[in-house]
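Below is one structure, written out as structure tokens, with a few remarks after it.
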Amino acid sequence: MMRRALLLATALLVLPAAGQDPALRDQIQAAKAMWAVQGDREAAASRFEAILAALEPSARTLDAAWTRDLCEVYNWMAVLDDRAPGKQAQAAKRLEALLDLDPDCEIDRTITNRRLQNAFDALRAQKFGRIKLVLDPPDGVLTLDGKIRRMEAGLHHLAPGPHTLTYTRMGYQPQDARFDLAAKDTRPVEFKLNRTSSVVTVYTTPVGVEVFVDGKSRGVTRGQVPVALSYLADRAGVKPDQLSEGFRIAELAPGKHLVEFRLACHKTRRLEIDGTWTTPFADHDMDPVKLAPSMGTLTVQSQAPGGQLFLSGMDMGRVPVQDLQVCAQPYDLLVRYPTGSFTQRIEIAEGKAFSVQARPKARLTYAGFEGNDEFAGRDRILGMLAGLGSRLKDVAFLTAAKGESLKDCLARARASKETELLLWARPIPGKPVHQIELVLSTLGGQEERIVVKPLESDPLGSLVARMEKPLALWEPWAGVTAVDMPEGPFVIQADAAAQKAGIKVGRPILEADGKPLATVAEWRAALAAAKGGAVTVNQGEAPVKLAVVSMARELPVNAQDLCYPALLADLKLRYLGAVGDEAALYRLHQALALMHFREYDKALEVLRDARTTAIQGVSQGTFDYYTGVCLLRMGNVYLTEAQQSFNQALKYPQATLFGPDGPLLAPLARQALHDLQP
Amino acid sequence: MTLPGTRIRATLMVLALAAALSAQDADMAERLFRSGERAYAAHAYPEALETWNQLVQQAPASPFAARALLALARHQLEVERKPEAAVPLLEKLRTDHLKTPQAGTALLLMGNLKAERARTPAALKEALADYNRAVDLFPDQPLVQEARLRMGLAQKRMGEWGRALVALTEAMRLDPASPFARQAQLQAAEILDIQGDLTGCLRMLQDLRNRHAGTPEAEDALWRIQTRVRLRLQKPALKSEGIWPPGRQKWLKTPTLLAVGPEGDLYIYNNDEDRAYRFTNGALAPAGAPAKAGRALLVPASGTAWIVSGKTGLVKDDGAPGVPPVPSPSGGMLDAWGNAWICDPGSPSIAVTGGDAGRALPVAGVSLLAALPGGGAVAASDSLRTLRWLDAEGQVKATLPYGKDLPAGFKTVVALASDPIGHVAAIVDGDFEGVVVWGPDGAVLRSATFKGLGIAGKFRALALDRTGAVILADRSNDLLVRLP
């Protein structure tokens, strides 16, 4: 604990040093000008004092540049003090402080008088020893007693005592030198490093590119190319501030190497290092590597209002978005709606447009398991329930908060309305427990109970299959009804548009879009595959072009392969973004789903809001018929209204049930009216 | 002060003991039921039945007693084939365990039993009541779909087409993937045709094929579509494809009666042998009991053959001779209730046998009969020279004079036949000597003289097969001729 606290305190102390205020440098210049230009010695001294007060407390942790600045301030203060009466002694202390800071610091001999120069030289010669450095190669990195020092070959002053110098350079074997230096002594120190590998230096634009050698990351390019090498930027066709400093790749064994340059939103580049660059060992510079941007466009459409788009967690604003420029890469796309959400894993390809039709999908909250009864398979079923989300694509899966009880989770979810569906489980009492009841419920209370066995092969398989079953609410339609005859699909009925187009009733359809037809199933497949909203058919005479439209199909009321709570939640969300006939149709489906739960009053409420312009197939007459059915099921109170609804339905003689080829509802409505007569 | 406390403690102890015993009873009931299940699965029926009976006796209020009663009833129905033994079990289940799910199944099974036995609309109403109760009391159970289908079928038999259509449509709406929905759709399509909506019928049959391809109902729908389209929309001229099956001559012995069974197989009565055969997979198999002087060949749902004999009346499987319900039977048919209609041109009425008691329909001078899908019949009367379309009660719905819409008249109908979808065919004799096919509404769909067909023989029987073709029996040459 103590050690950790000490480290933390040290770090806090170090922090300000790393972040010296750059304005101090301006103040140094201003102070120098005050004396050199304006001759205001006192004001200059006062300004330098203030700068010293700012820098001295962190003197030991300053970097090389700030150390030089502080040396300069000491130098100027020594000169100023030397000229002030009674402060000459202070001047000597300034020089002493300068040498304590860095014995290699040199004074500015143009502003320092001879006397002070001599005092400085004498003091340095007396207090310090010297080393005479020989560096081969000359451009390595020297570390003195663990700290990197910028030293070139030649004489350098050091404090007396033991020292360790380490000299390193990429591509070479590092070398140490340990010595004990006495004051006034001069000691030669020679580094001659042995070459161990080639070094390749690369420059990239943009900066920040990750460099891989033979598949292994070597680091990321950074910085800016030095002014002396700015011609490299010209060669790359960019400004110098857009080209990185040199990134050295060392430890390249003899032979070929593959270098990859990777950066998000840019095309990856691969370059090969030739064997001649690695044998013999040598330094090489690569031509600047320029990565081209790699972008695509994303369009997200949504009929439902209020959607917020997130790409891999990043907020991209409100939907719809059109041709949004995004990096070419995979994303987790999320559109969050006020109710429901939409998720999809997408991959934007370079230069390609990607389009998504988003719609809110229901959120399912798994609230937990009731009770703590132990039984065989408990952990198994609990694990499966917790992992249910990975099997459901058409709902967003949520779970109870950590430590939240089933009861609390249900209460919270119902109050917040941040979910459309609730799921919980409980054991069915027995000795031992062999069955689990799963309860899936909407917030409106429409629920389904499913009994599963914890040790069966896939207890949740049926639920998942039913929740994921795609809805077939429309089918293609060309206004023609055909039946299977040996000679092909035989037309028995055609609506006015189809007859006007040239369809002949009483003849088979021989071809659709150039393909021969033998059965009605093939005709329906041709309609499903029709492109451009039309199909060209041949009945043995001139080809006839028929418009292909989508006709509504009814939702079954009690299908074993559908999950009605999930359907109801889904249909409510689909309705949010729908308009016109489509919206009306979602209302009809909602009503049918509510009829599954025998909630005829709610179904009626939904149907009352629905109007469609369609008069053929599943259409307005169908809406009126089901309105009548719901009214009938509500008892004797609404018999008059039921009569009105069935009479209304009869105004649409081409209205059908189930689908465009389903039974006409007129005979059914007539029968209902007949039965309603006293 | 201690007395009430003691009483309370004693009461609590009794209650606790009762609860413990009750829990033991429930446990015992479940074990008995499971034991019965195990024995039944091993086909140890006596052991299983005894165990379940013991359960019903010892824990009559247990939910497992309801399950045991249903299992016992099912055994009587499906294994023992003794519906009368199942009835009291189902009644007990319905009255003592009405709140259990098994009671819904009991109501449905009771309805089915009553519907199967019903020979009159009044009897069928009792079945309808059971179906309605099953739907009303157990609306969440899957049995509702079957109950709706059964209601529709019952109402169809009763001739209540509109109500039947509503019930069958309800059955279709519930779970389209279920076989009950498919059967309902098939029957609803047939009702539309009976109501005169041929296009609606065809659409519904094709829709059945589209949505349920590969199912038996979809296959059934195919011939129903094709025969209707062929006969009523395309109406190709009759022509002979000659001897049928090709090359088979002198293989029969004076064939005088033909019929097509529920599976589409042809039935042939050989007068010289006084017996009927089922012609299946190219071979003749004896069907039903022998009977002399056959006047009509009836094929009930079981696939056997009954013969209306000119001498002994209706001869069923057991071959027992009866008393002719009319003095001199000349023809007959089976209606939707399983009743046999038998006619005699000299009688003032058609005799209907079956059920508890026979009855007479006041339709005079009928020489031949053919069944109609709506439950009635077509009656040929040479004395009146009319064909009459009768409903299930014998009421005349349409009358067609002999020869109407034909190039020449005819005097007698030699043979009369129909198919399950309402087409009627006849061999006629007179100025027009040949074959005529009528639609359900009495319109002539196809006709040809034997001369025009280029065939000669003594044709005394005909049938309509499932392709809409006419099959003629030549009694003098002992062969069949097919007119596709």
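The values are calculated or read from the model by the stated rules, or taken from the named source; none is laboratory data. The structure displayed is predicted, hence computed values, not measured ones. Here Cβ is always computed from backbone atoms with ideal geometry, including for glycine, and neighbour counts include all displayed protein chains.
Would you check if there is a residue in region B:150-167 being at the interface with chain A (Cβ under 10 Å from one of its Cβ atoms), assigned to a helix (DSSP H, G or I) and of a type in the set (S, T, N, Q)? Checked region B:150-167: no residue is at the interface with chain A (Cβ under 10 Å from one of its Cβ atoms), assigned to a helix (DSSP H, G or I) and of a type in the set (S, T, N, Q). Based on what the data block shows, is A:Asp176 in contact with a strand residue (DSSP E or B) (Cβ under 6 Å, 6 or more places away or on another chain), closer than 16 Å to A:Thr143 by Cβ, surrounded by fewer than 13 Cβ atoms within 10 Å (Cβ to Cβ) and without any contact (Cβ under 8 Å) to a residue 40 or more places away in the chain? Criteria met by A:Asp176.
When B:Thr399, B:Thr467 are checked against the criterion of being surrounded by fewer than 21 Cβ atoms within 10 Å (Cβ to Cβ) and touching a helix residue (DSSP H, G or I) at 6+ places or on another chain (Cβ under 9 Å), a single residue qualifies: B:Thr467.
Scanning region B:164-191 for residues that are hydroxyl-bearing (Ser, Thr, Tyr) and closer than 26 Å to B:Pro440 by Cβ returns a single hit, B:Thr169. Inspect region B:171-179 for any residue being part of a helix (DSSP H, G or I), at pLDDT below 95, within 12 Å of chain A (Cβ to nearest Cβ) and crowded, with 20+ Cβ neighbours inside 10 Å and give the result as yes or no. Yes - at least one qualifying residue is present in region B:171-179. Residues that are out of contact with any Leu (no Cβ under 7 Å at 6 or more places or on another chain), buried (at least 16 other Cβ atoms within 10 Å of the Cβ) and assigned to a loop (DSSP other than H, G, I, E, B) within region B:302-332 comprise B:Thr304, B:Gly310, B:Thr312, B:Lys316, B:Pro324, B:Pro325, B:Val326, B:Pro329, listed in sequence order. Scanning region B:439-484 for residues that are closer than 27 Å to B:Asn270 by Cβ and of a type in the set (Lys, Arg) turns up B:Lys458, B:Arg460, B:Arg466, B:Arg475, B:Arg482.
Quick one: count up the residues across region B:258-301 that are of a type in the set (Gly, Ala, Ser) and surrounded by fewer than 17 Cβ atoms within 10 Å (Cβ to Cβ). Looking only at that region, the number is 6. Filtered by the rule that a residue be farther than 18 Å from B:Asp429 by Cα and either within 18 Å of the chain's Cα centre (by Cα) or of a type in the set (S, T, N, Q) (or both), region B:341-369 gives B:Trp341, B:Ser347, B:Ser349, B:Val352, B:Thr353, B:Gly354, B:Gly355.
The set of residues from region A:523-550 being within 14 Å of chain B (Cβ to nearest Cβ) and either within 19 Å of A:Gln616 (Cβ to Cβ) or surrounded by 13 or more Cβ atoms within 10 Å (Cβ to Cβ) (or both) comprises A:Trp523, A:Arg524, A:Ala525, A:Ala526, A:Leu527. The number of residues in region A:500-539 that are out of contact with any helix residue (DSSP H, G or I) (no Cβ under 7 Å at 6 or more places or on another chain), under 24 Å from B:Leu198 (Cα atoms) and charged (D, E, K, R) comes to 4. Please determine, by comparing only the residues of region A:504-525 that are farther than 11 Å from A:Ile492 by Cβ and assigned to a loop (DSSP other than H, G, I, E, B), which one is nearest to the chain's Cα centre (by Cα). Among them, the one singled out is A:Asp513. Just one of the numbered conditions (1) modelled with pLDDT of 95 or more; (2) surrounded by fewer than 17 Cβ atoms within 10 Å (Cβ to Cβ) is not true of A:Asn636: (1). When region B:294-333 is filtered for residues that are among the hydrophobic types (A, V, I, L, M, F, W, C) and either modelled with pLDDT of 95 or more or touching a Phe, Trp or Tyr at 6+ places or on another chain (Cβ under 7 Å) (or both), the ones remaining, listed by number, are B:Ala296, B:Leu297, B:Leu298, B:Val299, B:Ala305, B:Trp306, B:Ile307, B:Val308, B:Leu314, B:Val315, B:Met333. Counting the residues of region B:354-367 that are surrounded by 15 or more Cβ atoms within 10 Å (Cβ to Cβ) and modelled with pLDDT of 90 or more gives 6.
Working only within region A:460-503, note down all residues that are within 11 Å of another protein chain (Cβ to nearest Cβ), in contact (Cβ under 8 Å) with a residue 60 or more places away in the chain and among the acidic types (Asp, Glu). Selection gives A:Glu475 alone.
The listed residues are A:Val549, A:Val535, and the only one of them that is farther than 20 Å from A:Leu473 by Cβ and of a type in the set (Val, Ile, Thr) turns out to be A:Val535.
Against the numbered list (1) touching a residue at least 24 places away in the same chain (Cβ under 8 Å); (2) out of contact with any Leu (no Cβ under 9 Å at 6 or more places or on another chain), B:Arg163 comes up short only at (1). Evaluating B:Leu231 against the criteria (1) more than 10 Å from chain A (Cβ to nearest Cβ); (2) out of contact with any Pro (no Cβ under 9 Å at 6 or more places or on another chain); (3) surrounded by fewer than 22 Cβ atoms within 10 Å (Cβ to Cβ); (4) in contact (Cβ under 8 Å) with a residue 24 or more places away in the chain leaves one unmet condition, (3). Taking the residues in region A:411-425 that are under 20 Å from A:Lys572 (Cβ atoms) and in contact with a strand residue (DSSP E or B) (Cβ under 9 Å, 6 or more places away or on another chain) as candidates, determine which candidate is surrounded by the fewest Cβ atoms within 10 Å (Cβ to Cβ). The residue in question is A:Glu418. Condition check for A:Asp570 on (1) of a type outside the set (S, T, N, Q); (2) more than 14 Å from chain B (Cβ to nearest Cβ); (3) surrounded by fewer than 23 Cβ atoms within 10 Å (Cβ to Cβ): one failure, at (3).
Here's the yes/no breakdown for (1) of a type in the set (S, T, N, Q); (2) in contact (Cβ under 8 Å) with a residue 24 or more places away in the chain; (3) in contact with a Gly (Cβ under 8 Å, 6 or more places away or on another chain):
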{"residue": "A:Lys93", "(1), (2), (3)": "no, no, no"}
{"residue": "A:Leu99", "(1), (2), (3)": "no, yes, no"}
{"residue": "A:Asp104", "(1), (2), (3)": "no, yes, no"}
{"residue": "A:Thr110", "(1), (2), (3)": "yes, no, no"}
{"residue": "A:Asn118", "(1), (2), (3)": "yes, no, no"}
{"residue": "A:Ala125", "(1), (2), (3)": "no, yes, no"}
{"residue": "A:Phe128", "(1), (2), (3)": "no, yes, no"}
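Residues of region B:198-228 that are within 7 Å of chain A (Cβ to nearest Cβ) and assigned to a loop (DSSP other than H, G, I, E, B): B:Ala213 alone. Filtering A:Leu588, A:Leu568, A:Leu592 for residues that are under 21 Å from A:Pro338 (Cβ atoms) and not charged (D, E, K, R) leaves a single hit, A:Leu568.
For region A:30-50, the tally of residues that are closer than 18 Å to A:Thr110 by Cβ, small (Gly, Ala, Ser) and in a helix (DSSP H, G or I) stands at 4. The single residue among A:Thr627, A:Thr622, A:Thr656 that is hydroxyl-bearing (Ser, Thr, Tyr) and within 9 Å of chain B (Cβ to nearest Cβ) turns out to be A:Thr656. For region A:529-540, the set of residues classified as in a helix (DSSP H, G or I) and closer than 18 Å to A:Ala494 by Cα is empty.
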